[in-house]
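Read the structure below first, then the notes.
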Amino acid sequence: MFHQARIKLTVYYLVIILFISGLFSVAFYNASTKEIDRIISRLEFERQINETGMVRFLLSTRNTPSIEELLAYKKRMQKTLFFINGLILFAAGGAGYFLAGKTLQPIKQMVDEQNQFISDASHELRTPIATLQAEMEGKLLEKKISDRQARLLIKSNLEELGSLKNLVNRLLQLNKAHYLNGNHQVKETSLPEIINSAKNKVLALAKEKQITIDVKMPEIIIEADKDSLTEVFVILFENALKYSSAKTKVDVTGKKLPGSVLVNVSDQGIGIPQQDLPHIFERFYRADKSRSLTEGFGLGLSIAKKIIDTHKGTIKVESKINNGSVFSVMLPISEN
Ligand code: ADP
């Protein structure tokens, strides 16, 4: 499709360029040959007079080219113009093909990304749907099922449905983060307020695992989209809680630097293997160990990164296996 569109665009470029260059060539040819045609008709007239012997001296005294020379000149001019137009066609074809490729490249990249996204999302959606289907079909084949078995089945189905709902929510978040660029509502916001609101959203999980989230943060005002930035810290806090054992601690510290603010979220959890570190911000990437330990889809950090990118900030991680991880978010601030 991309190749076809590129060829089509090149042909459109060529048609436009050839139309303009053809028009110029015809106008140029007509303007240049008008004078020649006038000289030719005068020479023909003089030749006729000469042949009748009336004005014998007229032609011999003049330094004018002959009619044949002028006609040959016209022919040469036609050939040159055809040659120039051919050259333009050739050069414009090459340049047009190159430019069409350049114009279409971002669209191709977007389409490729979308296709990849659809294929990844469908793949992830298929697993819980297949489990649901298999469980229900299996039970349907049994002649009799007890109340207890029916309840167990419903419970398991509800878990799968919950997981599906979480996945769909994550996909929607990712889609929103993707189209955030240029659409986000940037306002002056208090960073500690954002951190506290994110903390409140994960308090239930923190209580369940008896993990304290300790926030040490001076008042810092930043220009940000409050909702999406809160989402970033919810993701980081959820991960810190998810990948930590009970009764550990999560520390959140904020520091003002020249022109930016640095927020560190440190946990005492399972850590991330070195070989996974370069990939954890990619969509659908999960480190092998976390797959078996916790529920997740490998989407949280890619959403967080996308949001931080739109805020022109950076997000980095340092981690030691079985020791914990530190996620560092750096955001620009205007210094007044
Ligand atoms: P999810 O947590 O749903 O799998 P994320 O995109 O949030 O997806 O994280 C990607 C992967 O990065 C996780 O699967 C996990 O392996 C690793 N990870 C993220 N945060 C932490 C953390 N605080 N401690 C240990 N591993 C983490």
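Couple of notes before you dig in:
- Choice from R283, R151, R47 showing the highest fluctuation, given a GNM over the chain with Cα pairs closer than 10 Å: R47
- For the range 17-25, 3J(HN,Hα) per residue [Karplus equation, 6.51 cos²θ - 1.76 cosθ + 1.60, θ = phi - 60°, Hz, x = Gly/Pro]: 5, 5, 4, 5, 5, x, 4, 5, 4
- Listed peptides 96-106, 320-330 by packing density, highest first (mean Cβ within 10 Å): 320-330, 96-106
- CD proxy at 222 nm, helix term only [per DSSP H run n ≥ 4: -39500 (n - 2.57); per residue of the chain; nearest 500]: -22500 deg cm²/dmol
- Hz values of 3J(HN,Hα) by residue in the range 92-97 - Karplus curve (6.51, -1.76, 1.60), Gly and Pro given as x: 5, x, x, 5, x, 5
- Once the Cα atoms are used to define both axes, helix 226-242 deviates from the longest principal axis of the chain by about 50 degrees.
- Highest-MSF residue in the chain out of T80, T253, T131 [GNM, Cα springs under 10 Å]: T80
- Computed E for L172/F90 - FRET, C-beta separation, R0 45 angstrom, nearest 0.05: 0.35
- Simple label model, 7 Å out from Cα along Cβ direction - N200 to T294, nm: 2.3 nm
- The HN-Hα couplings worked out from phi for the range 317-325 by the Karplus form 6.51 cos²θ - 1.76 cosθ + 1.60 (θ = phi - 60°) are 9, 10, 8, 10, 4, 6, 10, x, 10 Hz, whole numbers, x standing for Gly and Pro.
- Links that overshoot a 25 Å alpha carbon limit, given the list K255/K320; K201/K249; K247/K306; K155/K247; K108/K226; K187/K249: K247/K306; K155/K247; K108/K226; K187/K249
- Local electrostatic count, I67, Cβ distance below 12 Å [Lys/Arg +1, Asp/Glu -1]: -2
- The residues neighbouring I194, those whose beta-carbon lies less than 14 Å from its own, together hold a net charge of -3 under the Lys/Arg +1, Asp/Glu -1 convention.
- In this calculation the C-beta distance from F98 to M1 is compared with R0 = 25 Å, giving a FRET efficiency of 0.85.
- Highest mobility in the GNM of the chain, judged by mean-square fluctuation with C-alpha springs under 10 Å and restricted to G300, G313, G22, is found for G22.
- Projected onto planes of every orientation and averaged, the convex hull of the alpha-carbon atoms in the chain covers 33.6 nm².
- Gyration tensor analysis over the Cα atoms of the range 84-140 returns equivalent ellipsoid semi-axes of 53, 9, 4 Å (largest first, whole Å).
- Nitroxide proxy distance, nm - points 7 Å out along Cα→Cβ at N322 and V26: 8.4 nm
Computed from the coordinates by the stated procedures, all read-outs in this text should not be read as laboratory data. Since this is a predicted model, take the numbers as computed values, not measurements. Note: ideal-geometry Cβ built from the backbone for every residue, glycine included; neighbour counts use all protein chains shown.
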